[in-house]
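This report refers to the structure that appears directly beneath it.
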């Protein structure tokens with residue numbers, strides 16, 4: 001290590017909307033108090049990454065994205081006691097101080113704590129100019145520095161490509177069912193959008209005992225995938241109402257989950273809700289998208305609209321539970337990995353994710369010849 005503890009890492013650097021990503025050598029600072037340095041083994045491509053790259057959401061460039069990852073702890077900052085060096089860990093964007101009002105209530109995703117990484121990026125170029133720490137994670141890189149609350153240990157029996165999905169997509173989807181909506185047995189569920197998050201909602205609904213589970217997607221391949229992951233029925237957007245009432249014997253849905261960012265998916269979603277039903281907004285569209293809701297009808301039917309950021313998850317509780325379900329054969333992570341790519345091939349991974357055909361493309365890292373060289 002050098003005197004300041006920096007290491008050199010290869011990372012995918014995005015310099016602007018619509019621009020190709022370049023693989024550059026960057027400097028990664030040593031972890032500070034309550035922070036950890038993790039060597040990344042796998043990082044999945046999430047549509048949130050694409051929203052930044054394609055201009056749907058704003059971010060400061062240059063940036064390293066990637067927030068759905070798994071790796072191994074290589075260095076601990078002062079005061080870290082939830083993981084040890086050598087632990088294999090899921091890495092997520094959920095960052096919790098543990099002390100603010102939200103954290104004290106168990107709402108880690110709403111943390112308002114003033115953490116050091118909110119004010120500095122651990123990444124810089126070789127000239128010392130800062131590079132944005134995308135979503136507080138920046139895992140399209142050989143190594144990351146994150147707050148210790150952003151990691152949760154998992155056993156060696158889980159492949160890193162599967163474990164990475166627990167950092168966002170699966171955590172968000174299953175969590176939306178169990179934590180946000182609290183779906184119960186025999187609840188009627190509609191899932192609009194059958195990408196990685198939507199399929200995770202379907203798996204969560206299956207685990208909760210929901211019936212029926214109606215999957216909705218314009219792509220026949222996604223409809224077929226949904227049936228494989230536990231949906232009882234699948235249809236295109238135009239067939240929801242007829243299929244739903246037929247499957248329930250005339251009722252509407254207890255829960256409708258919108259898991260895609262496509263603006264059209266939100267229109268009419270509330271129309272599928274039964275009395276006392278909940279509309280759960282999981283997908284986050286581009287900035288400025290609006291939906292129309294009749295508040296009178298909502299009140300009369302005693303319905304709810306629920307936002308679900310990251311499945312209202314708590315890493316320390318949700319990741320171990322999901323790992324146990326995976327190891328018991330109840331949660332399918334392996335089939336969700338459509339393809340893997342090296343860091344140098346990351347633009348191909350982005351293109352596959354944009355196509356809509358992939359469930360999850362995963363960037364994998366080979367550390368056999370490089371473990372992070374010191375800067376001096």
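May I ask you to verify whether residue 102 is at negative phi, over 18 Å from the mean Cα position of the chain (by Cα) and in a helix (DSSP H, G or I)?
It is true that residue 102 is at negative phi, over 18 Å from the mean Cα position of the chain (by Cα) and in a helix (DSSP H, G or I).
Is there a residue being farther than 29 Å from residue 348 by Cβ, touching a residue at least 40 places away in the same chain (Cβ under 8 Å) and surrounded by 22 or more Cβ atoms within 10 Å (Cβ to Cβ) anywhere in the range 100-108?
yes
So, residue 239, is that one out of contact with any strand residue (DSSP E or B) (no Cβ under 7 Å at 6 or more places or on another chain), without any contact (Cβ under 8 Å) to a residue 60 or more places away in the chain, surrounded by fewer than 21 Cβ atoms within 10 Å (Cβ to Cβ) and assigned to a helix (DSSP H, G or I) or not?
Against the criterion (out of contact with any strand residue (DSSP E or B) (no Cβ under 7 Å at 6 or more places or on another chain), without any contact (Cβ under 8 Å) to a residue 60 or more places away in the chain, surrounded by fewer than 21 Cβ atoms within 10 Å (Cβ to Cβ) and assigned to a helix (DSSP H, G or I)), residue 239 qualifies.
Tell me yes or no: at least one residue of the range 285-305 is surrounded by 14 or more Cβ atoms within 10 Å (Cβ to Cβ), modelled with pLDDT of 95 or more and within 20 Å of residue 199 (Cα to Cα).
For the range 285-305, residues surrounded by 14 or more Cβ atoms within 10 Å (Cβ to Cβ), modelled with pLDDT of 95 or more and within 20 Å of residue 199 (Cα to Cα): absent.
Report yes if residue 113 is on the phi > 0 side of the Ramachandran plot, free of Cβ contacts under 8 Å to residues at least 60 places away in the same chain, touching a helix residue (DSSP H, G or I) at 6+ places or on another chain (Cβ under 9 Å) and surrounded by fewer than 24 Cβ atoms within 10 Å (Cβ to Cβ), otherwise no.
no
Can residue 93 be described as under 18 Å from the mean Cα position of the chain (by Cα), assigned to a loop (DSSP other than H, G, I, E, B) and buried (at least 19 other Cβ atoms within 10 Å of the Cβ)?
When the stated conditions are applied, residue 93 passes them.
Filter the range 263-291 for residues that are within 17 Å of the chain's Cα centre (by Cα) and closer than 23 Å to residue 212 by Cβ and give the result.
Of everything in the range 263-291, those that are within 17 Å of the chain's Cα centre (by Cα) and closer than 23 Å to residue 212 by Cβ turn out to be 280, 281, 282, 283.
So is residue 53 under 21 Å from residue 6 (Cα atoms) and surrounded by 19 or more Cβ atoms within 10 Å (Cβ to Cβ) or not?
No, not satisfied.
What residue, of 251, 275, is more than 28 Å from residue 357 (Cα to Cα) and assigned to a loop (DSSP other than H, G, I, E, B)?
From the options 251, 275, the qualifying one is 251.
Within the range 244-264, how many residues are closer than 19 Å to residue 308 by Cβ and either outside the structural domain of residue 192 (by TED's automatic domain parsing) or surrounded by fewer than 21 Cβ atoms within 10 Å (Cβ to Cβ) (or both)?
Total satisfying the criteria: 2.
Can you tell me which residue within the range 159-189, out of those that are touching a helix residue (DSSP H, G or I) at 6+ places or on another chain (Cβ under 9 Å) and within 30 Å of residue 6 (Cα to Cα), is surrounded by the fewest Cβ atoms within 10 Å (Cβ to Cβ)?
My answer is 159.
The values are calculated or read from the model by the stated rules, or taken from the named source; none is laboratory data. The structure displayed is predicted, hence computed values, not measured ones. Because the Cβ atoms are built from the backbone with ideal geometry, glycine has one as well, and the counts that use them run over all protein chains shown.
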